Amino acid sequence: MFYWFMKRIIIGPVINMLFRPWAKGLENIPEDGPAILVSNHLSFSDSIFLPLAVPRPVAFLAKSEYFNGTGWKGKLTAAFFRMTNQLPMDRSGGAASAHSLSAGVDILQAGTLLGIYPEGTRSPDGRLYRGKTGVAKLVLTAGVPVIPVAMIGTDKVQPIGRRIPNIRRIGVIVGEPLDFSRYEGLSDDRFIQRSVTDEIMYELMRLSGQEYVDVYAATVKEKLAALKAKAAKRTNSRKK
């Protein structure tokens, strides 16, 4: 109820009026039954624009940090994410990540659409980065259709670090379903997982027109943060 109230009464009309989103290929999303929407990830606002464009409810696996905040702001954020069909995704690996993917399978078994970002984090510079194989594990385990989705221009609306969005038009391109049934029973094969993930990323690259970088976005972010910290240290040492 809260999901539809926010989509149709509160957030939806305002978003449509301000950002005039356009969408192509919505007919590729099945009218019922489970499917996985795999999307590029340019902005925090992707998880707002994509569900608004899709006629059916979409549940997202969102990074667990959004659910672990402290104080009134953290609790409010966590409550909002839960009420808008988003579940915590632990990206630390091992048993924690396996449990998160299990939650995704449960969602799909209930006949729901599940949204996931294969890159694991937002792109630091608008390029498309290497996908993590967890998405392939989920795809192969669930055995449901995979729908590639390209978000267009959301990085210009809300770049990383910007709280107040820029008002400009954004787009959503939905590709044709990808079928990985030929790999049935091979969900634990790491080579198959990488092959499936790369096929998904290629389709996202084709739909979005982004430059592809065969490196994890998280690795690039860590290097950028290290360089920033090093530069700040140099600046502070010169001031002394």
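Observations on the structure shown:
- You will find that of 147, 107, the residue that is modelled with pLDDT of 95 or more and either among the aromatic types (Phe, Trp, Tyr) or under 21 Å from residue 52 (Cα atoms) (or both) is 147 and no other.
- Top-ranked residue of the stretch 155-203 - restricted to ones that are among the small types (Gly, Ala, Ser) and not in a helix (DSSP H, G or I), ranked as surrounded by the fewest Cβ atoms within 10 Å (Cβ to Cβ): 161
- Hits in the stretch 65-76 (condition: surrounded by fewer than 16 Cβ atoms within 10 Å (Cβ to Cβ) and either closer than 14 Å to residue 103 by Cα or among the hydroxyl-bearing types (Ser, Thr, Tyr) (or both)): 70
- Residue among 48, 11, 36 that alone is β-branched (Val, Ile, Thr) and surrounded by fewer than 18 Cβ atoms within 10 Å (Cβ to Cβ): 11
- Qualifying residue in the stretch 214-224 (condition: among the acidic types (Asp, Glu) and surrounded by 14 or more Cβ atoms within 10 Å (Cβ to Cβ)): no
- Looking across the stretch 131-154, the residues that are part of a loop (DSSP other than H, G, I, E, B), in contact with a Ser or Thr (Cβ under 8 Å, 6 or more places away or on another chain) and of a type outside the set (Val, Ile, Thr) come down to 131, 132, 143.
- Exclusive hit being under 24 Å from residue 109 (Cβ atoms), exposed (fewer than 12 other Cβ atoms within 10 Å of the Cβ) and among the charged types (D, E, K, R), set 27, 31: 31
The values are calculated or read from the model by the stated rules, or taken from the named source; none is laboratory data. Predicted, not measured: the structure shown is a model, and the values here were computed from it. Cβ coordinates were reconstructed from backbone atoms using ideal geometry, including for glycine residues, and neighbour counts include every protein chain displayed.
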